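Engineer: Below is a structure I'd like to ask you about.
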Amino acid sequence: QVQLVESGGGLVQAGGSLRLSCVASGRTFSTYVMGWFRQAPGKEREFVAAITWTGGRTFYADSVKGRFTISIDNAKNTVYLQMNSLKPEDTAVYSCAAGVRFFWGGSYGMDYWGKGTLVTVSS
C-alpha cells in the first residue's frame, strides 16, 4: 500500500517562502514520477510541479515557474516543494502524488495521492 504524507504547510505573508515535504512509503519508487497538486477553495485541483524519481526531469505549471522548485531526496524517499515569492492566489491545499508516468492533463498520470497540507498566503 502506497502512502504519501505531506507536511510543511502553514500561514505566510505574501512574498514569503515555505517548503513542503512529502514522504513516500509502501513500495519501490525508482520508476515513479512524483508530483505536487493544489486545490483552492471552490476551485478544481490543478497541477503544480512534477519530478522523475531520479530527478532528471522536472515539470512546472506556468503559474509557478521561476517561483517554485521541486526536488527529491531518494535516500529519504522524500519530495520537496520549495515555494518562494508566495502570492495570496497560491493559497490552497497542496497534495503530493505518485504515478508510473507523467503526462499533461487529466490526472497527469498520478495513481496515488496524499491527504494534503494547507498553505495560506496573507496579503
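Engineer: Evaluate the following for R67: is it within 14 Å of the chain's Cα centre (by Cα), under 13 Å from M110 (Cβ atoms) and among the charged types (D, E, K, R)?
Structural biologist: no
Engineer: If I filter the stretch 34-79 down to residues being among the hydroxyl-bearing types (S, T, Y) and out of contact with any Phe, Trp or Tyr (no Cβ under 9 Å at 6 or more places or on another chain), which single residue comes out as nearest to A24 (Cα to Cα)? Let's see the steps before the verdict.
Structural biologist: Let us first name the residues in the stretch 34-79 that are among the hydroxyl-bearing types (S, T, Y), namely 52, 54, 58, 60, 63, 69, 71, 78.
Cutting the leftovers down to out of contact with any Phe, Trp or Tyr (no Cβ under 9 Å at 6 or more places or on another chain) gives us 54, 58, 63, 78.
Working: T54: 14, T58: 18, S63: 26, T78: 6 Å.
Selected residue: T78.
Engineer: Tell me the residue from Y80, Y112 that is touching a Ser or Thr at 6+ places or on another chain (Cβ under 6 Å) and of a type in the set (S, T, Y), please.
Structural biologist: Checking each option against the conditions leaves just Y80.
Values quoted throughout were computed directly from the atomic coordinates according to the rules given, and no laboratory measurement underlies them. What you see is a predicted model, and the numbers here were worked out from it, not measured in a lab. When we count neighbours, we look across all protein chains shown, and the Cβ atoms used for this are built from the backbone with ideal geometry, even at glycine.
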